[in-house]
Amino acid sequence: MIINRLLARWLLVAAFTTLASAADAASAETGKTDAVKAQVALAIDTIKVLERPGRDNLATVWDGDKYVQCRRMVDRTLRCEAGGTKMQVSLAHVLTPDHVRRLATMGWTLDPSFGNYVQTFRPDVPAGDIADRIVTALAQGYDADVATLEIQTTSIDSEACPPRNGPGQNLAGLISDAPSMEEVSVHACAYVPDTDGSAHALPPGSTSSDLIKLYGPKLTTELRRLRVNMRRADVYVIFDTGLGYLQCQPQTQPDGFYCEAQSAESWPALAAVLTPERIARLHAAGFADPGRAPNFSKTYPADKTDDAALASEILTLLHDVYGYYGASALEVKTEEEP
């Protein structure tokens, strides 16, 4: 009996300890979220009151390629935009119908001009309330990691249609006059996809099978061209998604296809795309880490590789690793281009 009473007491203590630990963890998580919201509120309050004649104040909150950006308008309202798939195609795997419904429930509406989700706040709405809307949208609409959110304020020349990061770029659709983005920026009042590419566009949420059906024959032909020219060192093909590329060239001794998948070492913006999980997919496919080259690499033996099968693997990697869903046309580049 004494043993039973001691055991019951021990179990009771253990249960209370477990509940207390869970409560402490939840409290700590809530504390982190509140701290982030306070930082966002400070940024919002800053752009509301800061005076920059001839310029519009901006506050941006982001996690990787998931973002909300607020711009103080001439009438002192705040127009906030959350990234969409029209320009940031890598968001297609995040913005599922369920997530879009969550955004709509929270008051975010689709603006077709750039494909972002928009909400406008009156000048008298407290910064804390706006910060709560922003953080909640990123957490529930985009599955963003609230604890790692980055926050920035800046300003830009005041104009009706300021420049934005171009399609396929990191944080595409974001208002920015960064010199590094000038060549690929969109300086217009709406984004109109390339008409040549739109005929090959796939809807958000398309699968690797959809890509293979659309582009498989084209890639197979390009790889066959490499096989025919196996003895030439100047032959290559690049399959460029705008989010990242995979390139191949023939090699001899022994004959094969040497292929590279773009890494963050060759384009730092990919650090937001190439998560550990996506890099693990490259490893599972047999790609080695950067070393021999600044990219991930793999050699496919020519006598054991079927051209169509390799084309399917490349398209699957572009889909699973770089988040390419076919919203924009896949660009194929070769040494034959002028």
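Just the residues that are part of a loop (DSSP other than H, G, I, E, B), more than 16 Å from G242 (Cα to Cα) and of a type in the set (A, V, I, L, M), please, taken from region 61-92.
Matches in region 61-92: M73, V74.
In region 267-287, how many are of a type in the set (V, I, T) and either more than 14 Å from the chain's Cα centre (by Cα) or surrounded by 21 or more Cβ atoms within 10 Å (Cβ to Cβ) (or both)?
Number satisfying all stated conditions: 1.
Pull up region 57-90, narrow it to residues that are of a type outside the set (S, T, Y) and over 26 Å from the mean Cα position of the chain (by Cα), then point me to the one that is least open to solvent (accessible area, probe 1.4 Å).
M73
Restricting to region 185-195, and then to whatever is open to solvent by less than 60 Å² (accessible area, probe 1.4 Å) and within 19 Å of L243 (Cα to Cα), can you tell me which residue is modelled with the lowest pLDDT?
P193
For region 95-171, which fully contained strands (runs of 3 or more DSSP E) count at least 1 residues that are polar (S, T, N, Q), at pLDDT 90 or above and surrounded by 15 or more Cβ atoms within 10 Å (Cβ to Cβ)?
116-121, 150-157
Quick check on my filter: what residues within region 289-331 are under 15 Å from Q262 (Cα atoms), open to solvent by less than 40 Å² (accessible area, probe 1.4 Å) and in a strand (DSSP E or B)?
Residues satisfying the conditions are F296, S297.
Identify, from the list L226, L274, the residue that is in a helix (DSSP H, G or I), at pLDDT 90 or above and farther than 28 Å from P112 by Cβ.
L226
If you take the residues in region 240-266 that are in a loop (DSSP other than H, G, I, E, B) and within 18 Å of R224 (Cα to Cα), which one is most open to solvent (accessible area, probe 1.4 Å)?
Among those residues, the one meeting the criterion is P254.
Restricting to region 58-89, count the residues that are within 19 Å of E150 (Cα to Cα) and touching a residue at least 60 places away in the same chain (Cβ under 8 Å).
Total meeting the criteria: 19.
The values are calculated or read from the model by the stated rules, or taken from the named source; none is laboratory data. Since this is a predicted model, take the numbers as computed values, not measurements. Cβ atoms come from the backbone with ideal geometry, glycine included; neighbour counts cover every protein chain shown. Accessible surface is based on the protein model in full, side chains and every heavy atom, while ligands, DNA and RNA are left aside. Shrake-Rupley method; radii C 1.70, N 1.55, O 1.52, S 1.80 Å.
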